[in-house]
Every structure is written in C-alpha cells, then in structure tokens.
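The values are calculated or read from the model by the stated rules, or taken from the named source; none is laboratory data. Quick caveat, the model's predicted, so the values are computed rather than measured. Backbone-built Cβ (ideal geometry, glycine too); neighbour counts: all protein chains shown.
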Amino acid sequence: MAETAFETKLAGLYETSPAYPDGEEFLSGLMARLDREARLRGLVLGGMGMTGAAVATAAIARSGLLERLYGGMPPLGVAGIGVLVAAAAMAVGAMILAPVLVGSVSEA
Amino acid sequence: LRQHLTLRADPELAALATAGDRAAFGELARRHGGAVRTLLRRMGAQPALADDLAQDALVAAFQAIGAWRNDGPFQAWVGRIAARLYIRRWRREARTELRAEPEDAPRFADGEIAANARLDLDEALKILTPAERLCVSLCHGAGFSHGEAAEALQAPLGTVKSHVKRGLDKLKVRLDPLEARSTAHG
C-alpha cells in the first residue's frame, strides 16, 4: 500500500499524545493492580504447592515406601517421618505465602 | 531507583520486566501509558472506558512482556493489544454495526477550511462516523493492515477499505485542506 504524504503526516499525528494531568494517578492505579495480581498469583501458587506437598506426603506414607527404605528400623517411625516431611513442606509453602499475606494485610 | 530506570531504553526495561521487575515495567507504562489512552480515545472509546482498557492492555503487556521482540516500538505493541481489547468490547456491546454506508465528504466554504485547518487530530476525528473513526484509527494509529482490521472487526475487507478511504478524505479536508482541494480538482 503506497503511503501518501498525508498518510505519513497522519501517522505522525497519531504518534503525538497530550500530557494527562492525572498521569501519575493512572500509573499508581496500574502499579497497585500489578501488585495485587502478583500477590494473588503467589497466593494461588503457594496454596497449590502446599496442597500438593500434603497430598504427596500422604501418598508416600500410604505407599509403604518409607518402610521399604528404612527396612523396619525407622528411628522416628513411619508416622514420625511423614509428619516431619509434611511439616517441612508446609514450612516451604508458608515461606512462599508469607510475603504475599503480609503484603495483603499492609495494603488493607 | 526511579532515576536509574528513567535512563534505560525500552528494551532494557522490558528485559528487566521479563524477569519480574514491576518497577521497570512501571517506567515503560509511565512513558507510553498516555499514548495508549489517547489511541483508545481516538478509536472512539469514552474517556473512562479508554482508561480502563488502557490499564487492561498494560497489565496484559506485563504478563506477555517476553513476547515483545523489539521488532517495533514498545508503544506500538501495547497499542495493538489495546486496540484488540477495544474491538472485543466494541463487538460484544454491538453498539455499532460496521456497515458500508455511503456518505459524501463534508463540504466547507473557503474561509471555513482555513479556520478548520488549525484543528488538531482529535477535533478532526469528531467529524468521522464511529465506523470510519475506528477503521482509520486502527489502520493509521494502531498499525493494522486493512486485512488485519477486517479480520479483527469480522467485517468484509471492502467495507473496512471504504470506511478508511472516506475517513481519510474527511480528515484530509480538515487537516490538509490544500492537498484535499488539489486532489479534488486533479
């Protein structure tokens, strides 16, 4: 499509934009929204991670894998190891969630 | 930190934003947000809707920032995202159906043309029909080809072309009256 001089001029006019007096307000609204969405994403991912860890731990405990690995001599017992693994998984999940939750509280 | 970011070029800021740096993206938004708001208004969106969609477009741009390949200006890339969001909204609300509606370019007396020549683009766009305004702004503001605009609007290519042609003719009379007259006489 051959561009006429007028079309070139028009493209130049479209590139110009007035300064908005509420530009900073617009920007802070956008940044607040990006922060909210990042926190929500962290919350969802952290929650999914914790749920997944709990499910995996339960599945491992039920499968008898730990009994086979420790050959009947688990110092803490199968249930104890399961609890430790679950606690570790929950701690990791909590570490992911903590900044998200703290951010939500401070915003509120 | 803000001063540090203002010195960086768009591609550098985009690379930082790709790594999750929201402040870097904020600097991109500060530079180009106004242009996105303006484009949406020029397409025909009311100011409140234009601002909402501009924010939606910038959020979408942040989420897909890795897709910007620096093969064109960042502003144009976000502008296209915003334009597509507006078209989706426009089609959903179906406020205006894109039809071929033959219209003559408005006629101005000589004195009127001289006065109107001083009008800026935003004033000039007001004389276009909504469909003409949308098609002209898509093709000359957001950088869509006629084919892309027709596909996005789900309208026949010929209809889009005729809206663009009529819109350009009207704008020419307003913005470039001397060329418009020489074209008309030639």
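For the range A:41-67, enumerate the residues that are touching a residue at least 40 places away in the same chain (Cβ under 8 Å) and within 14 Å of chain B (Cβ to nearest Cβ).
Here is the first cut: in the range A:41-67, the ones touching a residue at least 40 places away in the same chain (Cβ under 8 Å) are A:42-43, A:45-47, A:49-50, A:53.
Hits for the range A:41-67 are A:42, A:45.
This table checks each residue for (1) surrounded by fewer than 23 Cβ atoms within 10 Å (Cβ to Cβ); (2) in contact (Cβ under 8 Å) with a residue 40 or more places away in the chain; (3) more than 10 Å from chain A (Cβ to nearest Cβ).
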| site | (1), (2), (3) |
| --- | --- |
| B:129 | yes, no, yes |
| B:141 | no, yes, no |
| B:149 | no, no, yes |
| B:153 | yes, yes, yes |
| B:159 | yes, yes, yes |
| B:162 | yes, yes, yes |
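Suppose we keep only residues that are closer than 19 Å to residue B:77 by Cα and facing chain B (nearest Cβ under 7 Å) within the range A:3-30. Which one would you say is surrounded by the fewest Cβ atoms within 10 Å (Cβ to Cβ)?
A:11
Regarding the range A:15-22, can at least one residue be identified that is within 23 Å of residue B:29 (Cβ to Cβ), out of contact with any Leu (no Cβ under 6 Å at 6 or more places or on another chain) and part of a helix (DSSP H, G or I)?
yes
Provide a single number: the residues in the range B:1-23 that are out of contact with any Asp or Glu (no Cβ under 8 Å at 6 or more places or on another chain) and assigned to a helix (DSSP H, G or I).
Final tally of qualifying residues: 11.
Of all residues in the range B:82-114 being modelled with pLDDT of 85 or more and within 14 Å of chain A (Cβ to nearest Cβ), which is nearest to residue B:127 (Cα to Cα)?
Once the filter is applied, the top-ranked residue is B:83.
Out of all the residues in the range B:32-44, is one or more part of a helix (DSSP H, G or I), more than 10 Å from chain A (Cβ to nearest Cβ) and over 13 Å from residue B:142 (Cα atoms)?
no
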